[in-house]
Amino acid sequence: MHSKRAAVHAGKYFLLTTLFGVLGLGLVAGGIAVGVLNATTTTVASVTVPAPTRASAGGFVLLLVGVAVWRFGKAWALYKTLPAAVEEQVADTFDTEHVKSDLASVVDSRLSDVQQDIQSMNREVRQLKQDDGNDPF
């Protein structure tokens, strides 16, 4: 595969994964924000920390959806770009017209060799017949 085509496929993969990564990161950030805003504060060892409540469960779900979107996006981007790249590479490697022309040239060469062998055998047979015709015995 030419480097230009490889760069195009890599660029598509990068753009798709970046798009889904940003979308997933936004959902994760939204989930964290919802979870923190709905959390209550608790003092633990003279430090105030947010404690999750039932109201912050939606934020956790949003966080999980964000991770799922990111993972799905990576898999989908690979599914969309890899087969196209492989198909293009295989088409370049196994060009059927090129294979046909190679086979035709090999067969043509072999047929030419066989034809030359037949012609030389015919000459030898004629020569033997002539020698037999000139033989006095």
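No lab work stands behind these numbers, since they all come straight from the coordinates. Treat the numbers as computed from the prediction; the structure is a model and nothing was measured. With ideal geometry, Cβ positions are generated from the backbone for all residues, glycine too; neighbour counts draw on all protein chains shown.
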### Task
Using Cα positions and a limit of under 30 Å, work out the lysines in reach of Lys74, with same-chain residues fewer than 8 apart set aside.
Lys4, Lys12
### Task
Provide the three semi-axes, in whole Å and in decreasing order, of the ellipsoid equivalent to region 1-94 as defined by the square roots of 5 times the Cα gyration tensor eigenvalues.
44, 11, 8
#### Entry: Point-charge dipole on Cβ atoms (K/R +1, D/E -1) for region 95-137, about Cα centre, debye to 20
160
### Message
Compute a Gaussian network model of the chain, connecting alpha carbons closer than 10 Å, and tell me which residue from Leu78, Leu111, Leu27 fluctuates the most.
### Response
Leu111
### Query
Which order results if His9, His2 are arranged by neighbouring Cβ count within 10 Å, fewest first?
His2, His9
### Task
Please get the size of the charge dipole for region 1-117, origin at its Cα centre, with Cβ charges of +1 on Lys and Arg and -1 on Asp and Glu, quoted in debye to the nearest 20.
1120
### Task
For n ≥ 4 DSSP H runs only, could you compute -39500 (n - 2.57) per run for the chain, divide by its residues and tell me the 222 nm figure to the nearest 500?
-29500 deg cm²/dmol
### Query
For the chain, with the dipole built from +1 on Lys and Arg beta-carbon atoms and -1 on Asp and Glu ones, taken about the Cα centre, which of Ala7, Thr93, Ala77 lies farthest toward the positive end?
Ala77
### Message
Taking R0 as 30 Å, what FRET efficiency do you get between Ala10 and His98 from their Cβ-Cβ distance, rounded to the nearest 0.05?
### Response
0.70
#### Entry: Residue with peak Gaussian network fluctuation, the chain [Cα springs, cutoff 10 Å], from Lys100, Lys74, Lys12
Lys100
### Query
Pick from Val99, Val107, Val90: which is most flexible by mean-square fluctuation in a GNM of the chain where alpha carbon atoms under 10 Å apart are linked?
Val107
